Structures are given as structure tokens and as C-alpha cells.
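The values are calculated or read from the model by the stated rules, or taken from the named source; none is laboratory data. Every value quoted in this text rests on a predicted model; they were computed, and no experiment measured them. Cβ coordinates were reconstructed from backbone atoms using ideal geometry, including for glycine residues, and neighbour counts include every protein chain displayed. Side chains are part of the model used for accessible areas, which takes the heavy atoms of the whole protein and leaves out ligands, DNA and RNA. Shrake-Rupley method; radii C 1.70, N 1.55, O 1.52, S 1.80 Å.
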Amino acid sequence: MNVLLDHFPEFRDGFIGTVSITAVSSAIALVLGVVIAGFRVSPVPPLRFFGTAWVTLLRNTPLTLLFLVSFFVVPEILFPGMSPFLLGSLALGFYTSSFVCEAVRSGISTVPVGQAEAARSLGMTFSQTLRMIVLPQATRTVLPPLSSIFIALTKNSAIAGAFSVAELFGWQKLMSEEGYDILPIFLWVALGYLVITFAISGVFRLLERRMEVAR
């Protein structure tokens, strides 16, 4: 208990940092994932190729390697001076977007083809059909896998602690270097992650119940 009481400001900053990078990278992953999923089911071959390449590349690249590229290559070539928090959020968001894409694409495949055909017969474009007809119906199917994906994202955010991003795992490293017993440190870090993941799970359960009522 003493390790938390003596260093509560640092623990609080680490907890807020984990929540922040989880929220930002989740938003990036959700937006990119939905867009890439649209590319994957697009009637335009170059868009389908780009979507397939995006998913194949990112899903088969170790997350640590993406962090290394984000922190040591991107600032040198594209955006010098970017903060570690933003670089970590981009690496985590891009990586997770490939999994979000596949979850959304699976949800799209559950919508009967006749729905899209009826929309096209009314003169709606592909983007209008996807946005107004297909995605709203696919949402019910997509919510459960998205919950697991964003919980995994929260746990993956620990890698950012090794790249100078203030988060819970970074607090653990600091306390270990100061000589505190490793067991209580890990217990408090685990408790922090559990609070975040239970909150994410609760939000998605609430959304699922609301969608069930809407059905």
C-alpha cells in the first residue's frame, strides 16, 4: 500500500496517460477501420487492393516494430518534433485499425445482399448505401468483437511505456528502479488496467442492450 500512497501523483498520471492513449488510439482505429472496411467491400478494384494491403501488412507486423518505426523513422522523415504521446497513439491506432476493419467487414457480410441491391435500385450510390443502409444494420453484429479489440488495445498500450509515454507500465518501471517490491507494484498496475477494461466492457454491454431494444 505504501508504494501507492507515497507515489500516488505518479500513479494517477500513469493511469490518466493510459486512459488518454487508449481513447485517442481507439478513435483513430475506429475511424480508419470503418474507412478501410469500406475500401475492402468497394466495387473499385484499387480501393479493394489498398484495403487488403493495409490489413495484411498491419496485422502481420509486430506491434513493437510499428512503435519503433513510429518513434525513430516517422519523426526523421515526415513529422519532426511530434510528441511521444501522439506517435504512440498513431502506432497503436494504425495497428488496431486492421482488426477493426475485419470486424466491420464481417458485420457487413451479415447484411442480406438484397438490402444493397434495393438501395442501388433506388439510385443510391455505394457510399450512401454503405453509410445509410448497411453499416447501421451491421452495428449489432460488430459490437461484441469490437469490445474485445478495444480491451486488447488497452493492454497493448503498455508497450508505449517503453517509449517515454507516461502510462501505467511506465509507472511500474519507475517504482522498480526505486527499489520497491515488484509484487505490489504489479498488483496496482493490474488493478488500474482492470478498471479501464471493465469500463470498456460495460460501455459495450450497454450499447448491445440498447441495440437489442432497437431491434
Exercise. When residues of the stretch 139-170 are filtered for being assigned to a loop (DSSP other than H, G, I, E, B) and among the β-branched types (Val, Ile, Thr), how many remain?
Worked result: 1
Exercise. Out of (1) within 16 Å of PRO136 (Cα to Cα); (2) crowded, with 18+ Cβ neighbours inside 10 Å; (3) in contact (Cβ under 8 Å) with a residue 60 or more places away in the chain, what's the single condition that is false for LEU87?
Worked result: (1)
Exercise. Within the stretch 140-147, can one find any residue that is without any contact (Cβ under 8 Å) to a residue 40 or more places away in the chain and within 23 Å of SER26 (Cα to Cα)?
Worked result: yes
Exercise. From ILE16, ILE21, which residue is modelled with pLDDT under 95, over 20 Å from VAL142 (Cβ atoms), among the aliphatic types (A, V, I, L, M) and surrounded by 14 or more Cβ atoms within 10 Å (Cβ to Cβ)?
Worked result: ILE21
For this session: Go through the stretch 121-140 and give me each residue that's hydroxyl-bearing (Ser, Thr, Tyr) and crowded, with 18+ Cβ neighbours inside 10 Å.
Result: THR129
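At least 2 residues that are touching a strand residue (DSSP E or B) at 6+ places or on another chain (Cβ under 9 Å) and of a type in the set (S, T, N, Q) in each: list the helices (runs of 4 or more DSSP H) lying fully within the stretch 22-118 that qualify. Full working, then the answer.
On the way: elements: 45-59, 63-72, 74-77, 84-109.
Once the helices (runs of 4 or more DSSP H) in the stretch 22-118 are filtered for at least 2 residues that are touching a strand residue (DSSP E or B) at 6+ places or on another chain (Cβ under 9 Å) and of a type in the set (S, T, N, Q), nothing remains.
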Exercise. Which of the residues spanning the stretch 48-73 are free of Cβ contacts under 8 Å to residues at least 24 places away in the same chain and of a type in the set (Lys, Arg)?
Worked result: ARG48
For this session: Being hydrophobic (A, V, I, L, M, F, W, C) and closer than 26 Å to THR64 by Cβ is the filter here, so list the residues in the stretch 91-143 that pass it.
Result: ALA91, LEU92, PHE94, PHE99, VAL100, CYS101, ALA103, VAL104
For this session: Can you tell me which residue among LEU57, LEU92, LEU47 is over 30 Å from SER164 (Cα atoms), at pLDDT 90 or above and not β-branched (Val, Ile, Thr)?
Result: LEU47
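Does the stretch 32-47 contain any residue that is over 27 Å from GLY170 (Cα atoms), open to solvent by 30 Å² or more (accessible area, probe 1.4 Å), basic (Lys, Arg) and free of Cβ contacts under 8 Å to residues at least 24 places away in the same chain? Walk me through how you get there before you give the answer.
Within the stretch 32-47, the subset over 27 Å from GLY170 (Cα atoms) is 32-47.
Keeping just the survivors that are open to solvent by 30 Å² or more (accessible area, probe 1.4 Å) gives 32, 34-35, 39-41, 43-47.
If we keep only those that are basic (Lys, Arg) as well, we get 40.
Keeping just the survivors that are free of Cβ contacts under 8 Å to residues at least 24 places away in the same chain gives none.
Checked the stretch 32-47: no residue is over 27 Å from GLY170 (Cα atoms), open to solvent by 30 Å² or more (accessible area, probe 1.4 Å), basic (Lys, Arg) and free of Cβ contacts under 8 Å to residues at least 24 places away in the same chain.
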